Amino acid sequence: QLLTAEEQELFAGLSVFSGGWTLHAAKGTIGPRAVDALTRLVDKSLVTVEPTPDGQRYSMLETLRAYAADELERSGRTAEMRERHAAYFLTLAERLNPRFYGPGQAQAFHLLDVEINNIRTAGRWFLADPALAAEALRLAAALWDFYCCRCHLGEGVRFARGALAHADRAG
């Protein structure tokens with residue numbers, strides 16, 4: 001109740017992230033207005049910011065994230081925010097995929113390593129919605145080389161099988 005309506009909306013929306021996020025990911029998921037409100041949430045100690053070699057990374061305590069997820073559910077925006085989050089990380093995986101074999105390989109793999117929890121969450125959301133079967137297949141394809149090269153082959157096979165089964169059920 002001590003937050004503005006914009007801050008409350010952002011706080012709830014940030015609950016879709018798993019394992020933290022970048023400012024770019026917040027803008028890509030929530031929108032450009034996220035920048036100012038995110039700074040205010042950091043100032044109010046609801047979101048933490050940590051410098052990393054790749055830039056700043058934001059996160060929130062799990063208890064706060066759970067409360068924010070409940071608030072998001074109450075607002076009726078959960079499906080929308082999950083879809084936007086998943087779309088952002090699908091785009092990221094597809095954008096990085098061509099770099100897997102070339103001079104940008106190490107950086108591409110590193111970015112996916114950092115975002116693996118968000119990518120896994122996106123994959124689960126794609127598999128939970130029959131209308132998103134094509135997106136699940138796209139994510140599985142975009143990540144296949146990553147899974148193979150990073151020794152996550154079992155995870156890659158399970159996700160690819162799940163995406164294929166999901167597509168079969170979706171028709």
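Numerical summary
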read-out	value
Gaussian network model of the chain, springs between alpha carbon atoms under 10 Å - residue of Tyr67, Tyr58, Tyr101 with greatest fluctuation	Tyr101
Answer label, with percent of Cα pairs over 29 Å apart calculated from the coordinates and candidates (i) 11; (ii) 55; (iii) 23	(iii)
Accessible area (Å², 1.4 Å probe, nearest 10) - Lys27	90 Å²
Förster radius 22 Å - calculated FRET efficiency between Ala5 and Lys27, Cβ distance, rounded to 0.05	0.70
Selected from Glu115, Glu50, Glu83 as most flexible by GNM, with the chain as the system and alpha-carbon contacts under 10 Å	Glu50
Sulfur and carbon atoms: percent of accessible area, the chain [1.4 Å]	56 percent
Cα gyration tensor shape of region 77-156, rounded if a/c is under 1.5, else prolate or oblate by comparing a/b with b/c	prolate
Å² of accessible area per residue within region 82-171, as computed with a 1.4 Å probe and no ligands counted	51 Å²
Cβ-Cβ FRET estimate between Asp43 and Glu155, R0 fixed at 35 Å, reported to 0.05	0.40
Most fluctuating residue given options Leu132, Leu90, Leu14, as computed from a GNM of the chain linking Cα atoms under 10 Å	Leu132
Accessible area in the full protein assembly, largest first, 1.4 Å probe, for His24, His110, His85	His24, His110, His85
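The values are calculated or read from the model by the stated rules, or taken from the named source; none is laboratory data. The model shown is predicted, which means the values in this text are computed figures rather than measured ones. So basically every Cβ, Gly included, is an ideal-geometry build from the backbone, and we count neighbours across all protein chains shown. The protein model used for the area step is the full one, side chains on, heavy atoms only, and it has no ligands, DNA or RNA in it. Shrake-Rupley method; radii C 1.70, N 1.55, O 1.52, S 1.80 Å.
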